[in-house]
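S.K.: Got a structure for you, questions after.
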Amino acid sequence: MWTPFSRRKHPRSPKARTASRSDRLAWAPTAGNTIATIDRIGPTAVATLTVTALATSHGVGLLMELFDDVSQSGARSLVLDLQNLEFMDSVCLGCLVQALNHAVQDGGRIALVNTDSNVQELFRMTQLDRLFPVCHDVPSALTAIERAA
């Protein structure tokens with residue numbers, strides 16, 4: 001069963017790009033990950049989506065690949081930067097909620113940043129903005145994750 005943020009060993013490991021400090025590691029997208037770039041800041045991964053829409057089973061598959069890459073990085077929490085995302089359907093929203101449930105079970109959190117007005121309205125209408133901290137920038141999302149821990 002797929003579990004994001006699990007502590008299981010994976011056959012492939014992320015490729016290191018640069019490390020400006022010992023607590024900040026960055027990874028280039030892996031071969032299967034076409035959805036985001038992933039940076040690691042301490043125990044938290046910061047994933048910046050590069051797609052404009054996530055819909056249906058294809059979107060869920062992309063999200064699952066992203067969560068698997070985050071898991072491989074050893075991160076406990078995730079900041080999901082949605083700066084490029086303009087549309088997300090309910091199927092992908094459900095996948096994100098499932099990822100949050102797994103992250104919380106492992107002692108982690110998921111925070112969202114840079115949400116488009118359409119995506120932000122989706123989280124407000126479904127009242128999921130109560131579960132996912134929705135922040136304006138990555139530093140405030142990191143602070144929100146640390147407070148929740």
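The values are calculated or read from the model by the stated rules, or taken from the named source; none is laboratory data. All figures in this text were calculated on a predicted structure; none of them were measured in a lab. Reconstructed Cβ throughout: ideal geometry from the backbone, glycine too, with neighbour counts over all protein chains shown.
S.K.: Suppose the filter is at pLDDT 95 or above and in a strand (DSSP E or B); does Ala45 pass it? Talk me through it step by step, then tell me what you get.
M.R.: On the way: at pLDDT 95 or above: yes; in a strand (DSSP E or B): yes.
Answer is yes for this residue.
S.K.: While we're here: Under the condition of being of a type in the set (Gly, Ala, Ser) and within 18 Å of Pro133 (Cα to Cα), which residue from region 44-74 is surrounded by the most Cβ atoms within 10 Å (Cβ to Cβ)? Spell out how you get there, then give the answer.
M.R.: Initial filter on region 44-74 (of a type in the set (Gly, Ala, Ser)): 45, 47, 53, 55, 57, 59, 61, 71, 73-74.
After this cut, where a residue has to be within 18 Å of Pro133 (Cα to Cα) as well, the list is 45, 47.
Values: Ala45: 30, Ala47: 26.
That would be Ala45.
S.K.: If you go through region 97-149 one residue at a time, how many are surrounded by fewer than 19 Cβ atoms within 10 Å (Cβ to Cβ), charged (D, E, K, R), without any contact (Cβ under 8 Å) to a residue 60 or more places away in the chain and in a loop (DSSP other than H, G, I, E, B)?
M.R.: Of the residues in region 97-149, 2 are surrounded by fewer than 19 Cβ atoms within 10 Å (Cβ to Cβ), charged (D, E, K, R), without any contact (Cβ under 8 Å) to a residue 60 or more places away in the chain and in a loop (DSSP other than H, G, I, E, B).
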